[in-house]
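The values are calculated or read from the model by the stated rules, or taken from the named source; none is laboratory data. Everything numeric here is computed off the predicted structure, so don't read it as measured data. Because the Cβ atoms are built from the backbone with ideal geometry, glycine has one as well, and the counts that use them run over all protein chains shown.
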Amino acid sequence: MNIYLANDNKKEGPFTLDQIKEMVQQGKASASTLAWHDGITEWTPLGALLNTEINFTQTPPPLPQQEQKNPGLGLASFWIAIFGIPFWITLLTLAAVAHNAGEGEESGAMIALGLILFAGVGLNALGLILGGIAATAKDAKLVLTLIGTALNLCQIVGIIGIIILGLIMG
């Protein structure tokens, strides 16, 4: 009997029944290893096929597709954007309080806030890049990736808009 096995989502074989039994004894295959032979329509656990002794010649069907998972980069983009919202609210509130308290542009507090602002824009840019990379990967679950990418972009555009408005208003 010619049997094909699926190891690491790759088709291997054909193997004879004796070869399969030897592979099981050596631990290279188990009862849960997916197997196929002529006469069946789907890949089946090897344990269900070990008692079959029919000679087969047909080519096996394609391996079943495994579900793609949401890439970690997309989740990173999403969480950067989510944590960015309270970050920007806090930073802009602190800048307004410092400005109303009479802090000048060259004061230590305003310089520190400006440096933190640029770091935040850099972090949002990183989130935008990670989301862009994740969005181009083969993925069935793009929702969080797209939300994170869009929120990072909105935050960058919003902060740049606030900076430009501040420069215009002098």
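Data table
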{"item": "So L165, is it surrounded by 14 or more Cβ atoms within 10 Å (Cβ to Cβ) and either touching a residue at least 60 places away in the same chain (Cβ under 8 Å) or not acidic (D, E) (or both)", "result": "no"}
{"item": "Count - residues of region 16-51 that are surrounded by 17 or more Cβ atoms within 10 Å (Cβ to Cβ), free of Cβ contacts under 8 Å to residues at least 24 places away in the same chain and either hydroxyl-bearing (S, T, Y) or touching a helix residue (DSSP H, G or I) at 6+ places or on another chain (Cβ under 7 Å) (or both)", "result": "0"}
{"item": "Selected residue [exposed (fewer than 15 other Cβ atoms within 10 Å of the Cβ), at pLDDT 90 or above, more than 23 Å from I160 (Cβ to Cβ) and of a type outside the set (D, E, K, R)] from G108, G72", "result": "G108"}
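Table: residues versus (1) more than 23 Å from the chain's Cα centre (by Cα); (2) without any contact (Cβ under 8 Å) to a residue 60 or more places away in the chain.
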site	(1), (2)
I82	no, no
L92	yes, no
A95	yes, yes
H99	yes, yes
G102	yes, yes
A119	yes, yes
L130	no, yes
L142	no, no
